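First the structure, in the form of structure tokens, and then the observations on it.
The values are calculated or read from the model by the stated rules, or taken from the named source; none is laboratory data. Fair warning: this is a prediction, and the values are worked out from it, not measured in the lab. Positions of Cβ are generated from backbone atoms using ideal geometry, with glycine treated the same way; all protein chains shown enter the neighbour counts. Areas reflect the complete protein model, heavy atoms only, side chains present, ligands, DNA and RNA absent. Shrake-Rupley method; radii C 1.70, N 1.55, O 1.52, S 1.80 Å.
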Amino acid sequence: MRIVDLFSGAGGLTFGFYYNLINGQFVRNENCDIIFANEFDHAAAEAFRMNFPDINMIERDIKKLKREDIVQLIGDEEIDLIIGGPPCQSYSTIGRRVYDDKAKLYNEYYRLLNIIRPRMFLFENVRGLLTHDKGRTYATITSIFEQAGYTIQKKILNAWDFGVPQKRERLITV
């Protein structure tokens, strides 16, 4: 499976695809090839590089990733999956819920979907995205993904239910 990781952070989603847990040990999943990752924040990109030194980390504002750059990065083979989710601060029920430039980065995810045209994608964010602006923000996001030709499914997952020692709900849109 050929994967592109957007808004990578330190690589939490990458970890889930990159490794399998077998008999209590994390073993490299040879069926997943992370073609490149993208992260704007320098400290997060450095952490990603330490966690995954063999993955091509493109430390750049996603808005500055041009079509030519992306085509060169992915090569001629089809991409199976894009993973990632834009910053969640604007949608969190704990924060101010300001619809700022960060809140609109889903447009960049959509732009890269249209360039890369993966077979599927996994868009991760906080549960609060469902209620942001009375649900209109999430409706807009799912609408543009559907316009790109994707059938959308969503589910709230809690990291606690998967062995993470933290109650952390996330909205997963596939």
Inset, instruction - Among Gly128, Asn56, Gly16, pick out the residue whose Cα is farthest towards the positive end of the charge dipole of the chain, where Lys and Arg carry +1 and Asp and Glu carry -1 on C-beta, about the Cα centre. - result: Gly128
Inset, instruction - Enter the accessible area per residue of the chain (Å², integer; probe 1.4 Å; all protein chains in place). - result: 57
Inset, instruction - Run down the lysines and flag those whose C-alpha is under 30 Å from the C-alpha of Lys155, throwing out any fewer than 8 positions away in its chain. - result: Lys63, Lys102, Lys104, Lys134, Lys167
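Any idea what the dipole of the chain comes to, in debye rounded to 20, about its Cα centre with Lys/Arg Cβ at +1 and Asp/Glu Cβ at -1? Provide the component values of the computation, followed by the final result.
Numbers: 23 positive and 23 negative charges, 168 e Å.
In debye, rounded to 20, the chain gives about 800.
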Inset, instruction - Restricting things to alpha carbons, tell me how big the range 15-71 is in terms of Rg and Dmax, in Å. - result: 13.5, 43
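In the neighborhood of Ala45, defined by Cβ-to-Cβ distances under 13 Å, what is the net charge if each Lys or Arg adds +1 and each Asp or Glu adds -1?
-4
Once the Cα gyration tensor of the range 1-95 is found, what semi-axes does its equivalent ellipsoid get, as square roots of 5 times the eigenvalues, in whole Å, sorted largest first?
21, 20, 12
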Inset, instruction - Report the calculated FRET efficiency for Lys64 and Leu21 (r = Cβ-Cβ distance, R0 = 30 Å), to the nearest 0.05. - result: 0.25
Legend entry - Distance (nanometres) between label positions extended 7 Å along Cα→Cβ at Ser143 and Asn114: 1.5
Inset, instruction - Any chance you could get the radius of gyration and Dmax over the Cα atoms of the chain, in Å? - result: 15.9, 45
Legend entry - Accessible area of the range 30-84 belonging to carbon and sulfur atoms, whole % at 1.4 Å probe: 46
